[in-house]
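Engineer: Just passing along the structure, written as structure tokens.
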Amino acid sequence: MPSVDPGAALIRFEDVTKTYADGTVAVGGLELEVREHELLTLVGPSGSGKSTLLRMVNRLVEPTAGRVTLDGQDVMSQDPVLLRRGIGYVIQDVGLFPHRTVAQNIATVPGLLGWDRHRTQDRVRELLQLVGLDPAVHGPRYPHELSGGQRQRVGVARALAANPRVMLMDEPFGAVDPEGRRALQVEFRRIHDELGTTVLLVTHDIDEAILLGDRVAVFSQGGRLEQVDTPVRVLTRPATPFVEHFIGGARVVRLLSLATLTPADLEPGAAAPAATRPVVTLRVGDTLERCFAALATSPDGVVAVEGDDGEPVGALTLAGLHGALRRSASAG
Ligand SMILES: Nc1ncnc2c1ncn2[C@@H]1O[C@H](COP(=O)(O)OP(=O)(O)OP(=O)(O)O)[C@@H](O)[C@H]1O
């Protein structure tokens, strides 16, 4: 769950339209604010203008009408090269330079910014550790000597190298197998919480959007913004029939992975120790998904719950879990 408080708007789309030369309206009359420090996920079906929208921030695409501002300044009035140096950009196939080592790839922007060798080396080491790679092992390797997931980590490290205020990520985990993708998603969320970089992340995967986003923006064809809100509210209060349909039938399952256990959901008093009780204990703050799994393996349908200090605070039953789920659904 998000731990960084989002601040004021850092990026603004003001009535932005992009019509391509053949008449395709990729983005239509978009009003959207991206708050400083937030991770905003952009989700929608193929062709709903997500990539176009992202690329208007670093001027890879120019709006036909309206304006995009970064920190109050129209991006069209800024030098594109300088603008892009301050904005990390990660795409699906990473685009690492094949003939440069991992360390050299990560050092690209610091090099352009004229950092000295020491500072750059320190930064490369720090970033490799941050994304879960071993600087001594992976730093000297070439991209083809890494797995897809490792390459993606290097792509993230490279984009973060010069400490950009903004990161644009276009299907950053799309090329990674499903298992590796979940690990990368969780790790990226942690990195975001640690750094507080403002991130716009494009995905067509609603689960990824829900898992990663502080807020989720849902788009339909023509770059129409259907809803922008917190994950729980998008799940529990879809603003339009399109959003409802796009989320699909698995809303409860998604909510389980998002909502967490609170003391209010518990029966008072600890669950009595039972010889048959499996050694599963829950903690306040665990996801309801974890609670569900624990209850499913409990022979008497009761699981003891601890507080942060490890002291027992109560017991969870299936009725408590149901209440927690209802509470989460209505809390949005
Ligand atoms: N250079 C271009 N010239 C003409 N049309 C384009 C161009 N780039 C994108 N489009 C069209 O604009 C619309 C939006 O494309 P965009 O790539 O922004 O969507 P997307 O939501 O990112 O899609 P995907 O999830 O498939 O990447 C699509 O209909 C696409 O065909």
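The values are calculated or read from the model by the stated rules, or taken from the named source; none is laboratory data. Small disclaimer: the values here were computed from a predicted structure and weren't measured. Quick reminder, even Gly has a Cβ in these numbers, built from the backbone with ideal geometry, and neighbours come from all protein chains shown. In case anyone asks, the SASA skips ligands and DNA or RNA and just uses the protein heavy atoms, side chains included. Shrake-Rupley method; radii C 1.70, N 1.55, O 1.52, S 1.80 Å.
Engineer: If you go through segment 182-230, how many residues are away from the ligand (no atom under 16 Å from the Cβ) and of a type in the set (D, E, K, R)?
Structural biologist: 9
Engineer: I would also like to ask the following. If you scan segment 118-136, which residues turn out to be touching a helix residue (DSSP H, G or I) at 6+ places or on another chain (Cβ under 8 Å) and of a type in the set (D, E, K, R)?
Structural biologist: Of everything in segment 118-136, those that are touching a helix residue (DSSP H, G or I) at 6+ places or on another chain (Cβ under 8 Å) and of a type in the set (D, E, K, R) turn out to be 119, 123, 125, 134.
Engineer: Ok, one more. With touching a residue at least 12 places away in the same chain (Cβ under 8 Å) and surrounded by fewer than 20 Cβ atoms within 10 Å (Cβ to Cβ) as the only criterion, which of 192, 204 stands out?
Structural biologist: 204
Engineer: I'd like to verify a number: residues in segment 164-212 that are over 27 Å from residue 83 (Cα atoms) and of a type in the set (Asp, Glu), how many?
Structural biologist: Qualifying residue count, segment 164-212: 6.
Engineer: Checking the condition open to solvent by less than 40 Å² (accessible area, probe 1.4 Å) and modelled with pLDDT under 80, which residue from 255, 282 passes?
Structural biologist: 255
Engineer: Now for a different question. I need the full set of residues from segment 35-60 which are farther than 17 Å from residue 166 by Cα and either away from the ligand (no atom under 16 Å from the Cβ) or surrounded by fewer than 20 Cβ atoms within 10 Å (Cβ to Cβ) (or both), in order please.
Structural biologist: Within segment 35-60, 45, 46, 47 qualify.
Engineer: I'd like to know if segment 180-192 contains one or more residues that are among the β-branched types (Val, Ile, Thr), outside any strand (DSSP E or B), more than 20 Å from residue 106 (Cβ to Cβ) and assigned by TED's automatic domain parsing to the domain that holds residue 15.
Structural biologist: yes
Engineer: Right, something else. Looking only at residues in segment 61-95 that are among the hydrophobic types (A, V, I, L, M, F, W, C) and within 18 Å of the chain's Cα centre (by Cα), which one is farthest from the ligand (Cβ to nearest atom)?
Structural biologist: If we take residues in segment 61-95 being among the hydrophobic types (A, V, I, L, M, F, W, C) and within 18 Å of the chain's Cα centre (by Cα), then 87 is farthest from the ligand (Cβ to nearest atom).
Engineer: Kindly indicate which of 112, 168 is open to solvent by less than 10 Å² (accessible area, probe 1.4 Å) and more than 24 Å from residue 256 (Cα to Cα).
Structural biologist: 168
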